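See below for the structure under consideration.
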Amino acid sequence: MLQRIQSIFLILTSGAFFSLFASNFASSDKTAIGIFSDQLYNVMDNPILIVMTVMGGALALVSIFMFRNRPLQLRLGYLLIVLSILLPLVAGLLMYNEGSLNDPNVVIEDGIGIYLPIAALVTTLLAIRFIKKDNKLVKSMDRLR
């Protein structure tokens, strides 16, 4: 049901997750041992990041079609919030644990991919806000019957 505003926000959340496949978390000026061997650090460098990204995008899409079951839609939204917080944390942790940051000659610049989960977090929070507002409206209409 795309006429609801939370559906638009959930589509934007899904787009933010799936656009991580086209963007980089970070890039380096020189090749280094580890994840920066190709000078780029993106989702495809680790299977955990791939799973989290696909799971976040798919949950956002599934949540759009759960408009008749608003409590489940809210729970999926909360799970999306957890994924959008964990994804940049896990990406940063994996980047620092790879050991490629031990070389002081390598300059690492952050990419847009590290900010996309934050955009997904904001759009998910807005979607949850409007789901709660919709739930409140339905409950008030039930009281009138």
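The values are calculated or read from the model by the stated rules, or taken from the named source; none is laboratory data. Keep in mind that this is a model prediction, so the values were computed, not measured. Using ideal geometry, Cβ is built from the backbone for each residue, glycine included, and neighbour counts are taken over all protein chains shown.
Residue count for segment 47-78 under the criterion of being more than 13 Å from residue 14 (Cα to Cα) and assigned to a helix (DSSP H, G or I): the result is 12. For segment 28-38, which positions are at pLDDT 75 or above and crowded, with 17+ Cβ neighbours inside 10 Å? 28 - this is the single residue of segment 28-38 that is at pLDDT 75 or above and crowded, with 17+ Cβ neighbours inside 10 Å. For segment 100-119, a residue qualifies if it is modelled with pLDDT of 75 or more and among the hydroxyl-bearing types (Ser, Thr, Tyr), and exactly one does: 115. Considering only residues in segment 80-99 that are part of a helix (DSSP H, G or I) and within 17 Å of residue 39 (Cβ to Cβ), the one that is modelled with the highest pLDDT turns out to be 91. Test residue 90 against the stated conditions and say whether it is over 17 Å from the mean Cα position of the chain (by Cα) and of a type in the set (Val, Ile, Thr). No: the conditions fail for residue 90. Restricting attention to segment 106-127, the residues that are among the small types (Gly, Ala, Ser), surrounded by fewer than 19 Cβ atoms within 10 Å (Cβ to Cβ) and touching a strand residue (DSSP E or B) at 6+ places or on another chain (Cβ under 6 Å) add up to 1.
Suppose the filter is surrounded by 15 or more Cβ atoms within 10 Å (Cβ to Cβ) and out of contact with any His (no Cβ under 9 Å at 6 or more places or on another chain); does residue 130 pass it?
Values: surrounded by 15 or more Cβ atoms within 10 Å (Cβ to Cβ): yes; out of contact with any His (no Cβ under 9 Å at 6 or more places or on another chain): yes.
Taking the combined requirement at face value, the residue satisfies it.
The set of residues in segment 43-70 being surrounded by fewer than 17 Cβ atoms within 10 Å (Cβ to Cβ), at pLDDT 90 or above and not hydrophobic (A, V, I, L, M, F, W, C) consists of 47 alone.
Pull up segment 1-27, narrow it to residues that are assigned to a helix (DSSP H, G or I) and touching a Gly at 6+ places or on another chain (Cβ under 7 Å), then point me to the one that is modelled with the lowest pLDDT. Give the derivation first.
Looking only at segment 1-27, we keep the residues that are assigned to a helix (DSSP H, G or I), and these are 5-21.
Subsequent filtering for residues that are touching a Gly at 6+ places or on another chain (Cβ under 7 Å) retains 14, 17-18, 20.
Values: 14: 96, 17: 95, 18: 95, 20: 92.
Filtering segment 1-27 for residues that are assigned to a helix (DSSP H, G or I) and touching a Gly at 6+ places or on another chain (Cβ under 7 Å), the one modelled with the lowest pLDDT comes out as 20.
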